[in-house]
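Visitor: Mind looking over this structure? Questions follow.
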Amino acid sequence: MILIIQGGRVKDPARGLDGPADVVVENGVITRVGTGAGEGLSGENVRVLPAAGMLVLPGLVDMHVHLREPGQEYKETVATGTRAAAAGGFTAVCCMANTHPVNDNAAVTRYILEKAREEGSARVYPAVAATRGLRGKELSDYGDLAAAGARAVSDDGQPVSDAGMMRRVLEYAKDLGLAVLSHPEDLSLSEGGAMNEGVLSTRLGLPGIPAAAEAAMVARDILLAELTGVPVHLCHVSCAQAVEAVRVAKARGIAVTAETAPHYFTLTEQAVDRYNTHAKMNPPLRTEADREAVRQGLGDGTLDAIASDHAPHTVLEKDLEFDAAAFGIVGLETSLPLSLAMVRQGVMSLSSLVLAMSTRPAEILGVTPPAVVPGALADLTVVDPDAAWTVDARSFFSKCANTPFDGMEMKGRAVWTLVGGRITHGE
């Protein structure tokens, strides 16, 4: 089968591409890119995808998702999670290790990858537990895990609280080419909290999580990256102090990268008012000043990546008193339009957005970034940037509907998602 993505605007800033072109895909590989590249190709084995008015992008990569399998298949599976990813325009995802059992051994890693090969609609890069059982006490067997297909180590959901242990995580991971994804949270400041600490938490009578709980651990991990010379990646940055710490560290030449999530540059703690558990996440939604700092951090390149932190939970885990409800929201199917809004608002350029949602996440994970060039695997996302739609969480491909964006009007949507030339989303 030959696919011709015809007449779209090809945007691949890492390769200096921006303009109208056809993209020809044969046997899962891009063979031609250019104006009229598809001319002369016809026959029963040729399919044309008309893309006039659309963006043709290197496949989007979400470097922070929770697929829940094995052990919590009632929330999500590799099949349903990657189907949601494809619907959101993602050709690859990095899944966190807080499964049941924890992905701290090669058998679990191989199981996830086999599920992805059999049932996946996107590539899956497993992040394995930095420490056994996510307990922060002893290292997982990185050698076996890397050999099984791990791309990163992370105790996400829990911080590696002991600084000496985190130093060993960095040093051992480097030797095996594994990225280190840090969950920056000082539990001595945050434990027991339910939302951002401030005036609103006081008014609602809810225990607070101060921004300092995040910023303190960000500062620690930056110092450890400087000490060891090993890169560290900071997950789900949400507050102004953390953004500034990353900015200063980069100016000093320290090997640090950072991500944020669309909810942190779209919403504030006000979404929690009236005890809305769909706006409960960790780190929590913060103040308008923090939201603006995150936006500026993306705009000036301080923050490298946009990741959804897709965290599905059922109604039984969310329809509870706010204190008792689970942390987390789904995000794979709303991440792209929320991020495109940043371009329309002039916060980021389209080039910066593509880098943050495709090229940089892949680079941080140490995998080949998707590209719209001849010879590259055809991992592509075709986007209608003007498509207007209203979020209906009940129609998500994800098993769960825990989103604060239900009913919100969005603009921009993936029309086709291709993984190795296979259409995994779109007719």
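The values are calculated or read from the model by the stated rules, or taken from the named source; none is laboratory data. What you are looking at is a predicted structure, and each value in this text was computed from that prediction instead of being measured. Because the Cβ atoms are built from the backbone with ideal geometry, glycine has one as well, and the counts that use them run over all protein chains shown.
Visitor: Among the residues of segment 58-71, is any at pLDDT 95 or above, out of contact with any Ser or Thr (no Cβ under 7 Å at 6 or more places or on another chain) and surrounded by fewer than 24 Cβ atoms within 10 Å (Cβ to Cβ)?
Guide: no
Visitor: Search segment 355-375 for residues that are in a helix (DSSP H, G or I) and pair each with any residue that is of a type in the set (Phe, Trp, Tyr) when their beta-carbon atoms are under 8 Å apart and the residues are at least 6 apart or on different chains.
Guide: So the pair list comes out as Leu365/Tyr125.
Visitor: A further question on this structure: Checking Ile329 against (1) β-branched (Val, Ile, Thr); (2) surrounded by fewer than 23 Cβ atoms within 10 Å (Cβ to Cβ); (3) in a loop (DSSP other than H, G, I, E, B), only one condition comes out false. Which one?
Guide: Among (1) β-branched (Val, Ile, Thr); (2) surrounded by fewer than 23 Cβ atoms within 10 Å (Cβ to Cβ); (3) in a loop (DSSP other than H, G, I, E, B), the lone unmet condition for Ile329 is (2).
Visitor: From the list Gly71, Gly43, Gly38, Gly136, which residue is assigned by TED's automatic domain parsing to the domain that holds Gly420, outside any helix (DSSP H, G or I) and on the phi > 0 side of the Ramachandran plot?
Guide: Answer to the check: Gly43.
Visitor: From the list Ser351, Ser398, pick out the single residue that is among the small types (Gly, Ala, Ser), in a helix (DSSP H, G or I) and in contact with a helix residue (DSSP H, G or I) (Cβ under 6 Å, 6 or more places away or on another chain).
Guide: Ser351
Visitor: Does segment 269-299 hold any residues that are more than 22 Å from the chain's Cα centre (by Cα), surrounded by fewer than 24 Cβ atoms within 10 Å (Cβ to Cβ) and of a type in the set (A, V, I, L, M), and which are they?
Guide: Ala289
Visitor: Could you list, in sequence order, the residues of segment 382-407 that are closer than 21 Å to Gly328 by Cα and touching a strand residue (DSSP E or B) at 6+ places or on another chain (Cβ under 7 Å)?
Guide: Hits for segment 382-407 are Val391, Gly407.
Every residue, every condition in (1) crowded, with 19+ Cβ neighbours inside 10 Å; (2) of a type in the set (Gly, Ala, Ser); (3) under 18 Å from the mean Cα position of the chain (by Cα), yes or no:
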{"position": "Glu333", "(1), (2), (3)": "yes, no, yes"}
{"position": "Ser358", "(1), (2), (3)": "yes, yes, yes"}
{"position": "Leu365", "(1), (2), (3)": "yes, no, yes"}
{"position": "Pro369", "(1), (2), (3)": "yes, no, yes"}
{"position": "Asp386", "(1), (2), (3)": "no, no, no"}
{"position": "Trp389", "(1), (2), (3)": "no, no, no"}
{"position": "Asp406", "(1), (2), (3)": "no, no, no"}
{"position": "Ala414", "(1), (2), (3)": "yes, yes, yes"}
